[in-house]
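J.: Take this structure, written in structure tokens, and hold onto it; I'll ask about it next.
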Ligand SMILES: [Fe+2]
């Protein structure tokens, strides 16, 4: 059983964003797989870095679409604040997982992040993103 299951209900109707969302979920599920195979969390830093890398690409793509659509500055501020918050929180949860040798907080965080990203964050962005222009 996967930690996060992709559903067509998760589609945001931007093909590149949907593709990246699936990739992010795949990487998070891969991290969870290695954890469940009892890999020490310290050995999983490259996998965590892959999550970070994929999410950074994704944020950059969302920002690029907003700029292309001449979205208001507030929308760019939302994406930049959100990106910083994610990176800070993910790094903190990874450090906690290493220090406590307990990766559950890290995977719980990523599950909650994905839930908030697909619902609240994309709901906010939908005010600014126009699928007909992407
Ligand atoms: Fe997204």
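J.: Take residue 22 and decide whether it is modelled with pLDDT of 95 or more and either in contact with a helix residue (DSSP H, G or I) (Cβ under 6 Å, 6 or more places away or on another chain) or closer than 30 Å to residue 128 by Cα (or both).
T.: The answer is yes for residue 22.
J.: Right, next: In region 40-51, how many residues are surrounded by fewer than 16 Cβ atoms within 10 Å (Cβ to Cβ) and either under 24 Å from residue 116 (Cα atoms) or within 15 Å of the ligand (Cβ to nearest atom) (or both)? Full working, then the answer.
T.: Start the filter on region 40-51 by keeping residues that are surrounded by fewer than 16 Cβ atoms within 10 Å (Cβ to Cβ), which leaves 40, 42-43, 45-46, 49.
Subset that is either under 24 Å from residue 116 (Cα atoms) or within 15 Å of the ligand (Cβ to nearest atom) (or both): 45, 49.
Adding up the residues that qualify gives 2.
J.: Now for a different question. Of all residues in region 103-134, count the ones that are modelled with pLDDT of 85 or more and either in contact with a strand residue (DSSP E or B) (Cβ under 6 Å, 6 or more places away or on another chain) or more than 16 Å from the ligand (Cβ to nearest atom) (or both).
T.: 7
J.: Within region 98-134, can you find the residues that are in contact (Cβ under 8 Å) with a residue 40 or more places away in the chain, farther than 23 Å from residue 66 by Cα and not in a loop (DSSP other than H, G, I, E, B)?
T.: Answer for region 98-134, where residues must be in contact (Cβ under 8 Å) with a residue 40 or more places away in the chain, farther than 23 Å from residue 66 by Cα and not in a loop (DSSP other than H, G, I, E, B): 98, 106, 107, 110, 111.
J.: Looking only at region 85-97, which residues are under 21 Å from residue 128 (Cα atoms) and either exposed (fewer than 11 other Cβ atoms within 10 Å of the Cβ) or in contact (Cβ under 8 Å) with a residue 12 or more places away in the chain (or both)? Let's see the steps before the verdict.
T.: Step one: of region 85-97, the residues under 21 Å from residue 128 (Cα atoms) are 85-86.
The answer is 86, and nothing else.
J.: Further, regarding this structure: Pick from region 63-84 the residues that are farther than 22 Å from residue 4 by Cα and within 13 Å of the chain's Cα centre (by Cα): which of them is surrounded by the most Cβ atoms within 10 Å (Cβ to Cβ)?
T.: So the residue we want is 79.
J.: Answer with yes or no whether residue 77 is closer than 23 Å to residue 129 by Cβ, assigned to a loop (DSSP other than H, G, I, E, B) and away from the ligand (no atom under 12 Å from the Cβ).
T.: No, not satisfied.
J.: Before we move on, is residue 12 within 15 Å of the ligand (Cβ to nearest atom), within 24 Å of residue 128 (Cα to Cα), touching a residue at least 60 places away in the same chain (Cβ under 8 Å) and touching a helix residue (DSSP H, G or I) at 6+ places or on another chain (Cβ under 8 Å)?
T.: yes
The values are calculated or read from the model by the stated rules, or taken from the named source; none is laboratory data. The model shown is predicted, which means the values in this text are computed figures rather than measured ones. Virtual Cβ from ideal backbone geometry, glycine too; neighbours counted across all protein chains shown.
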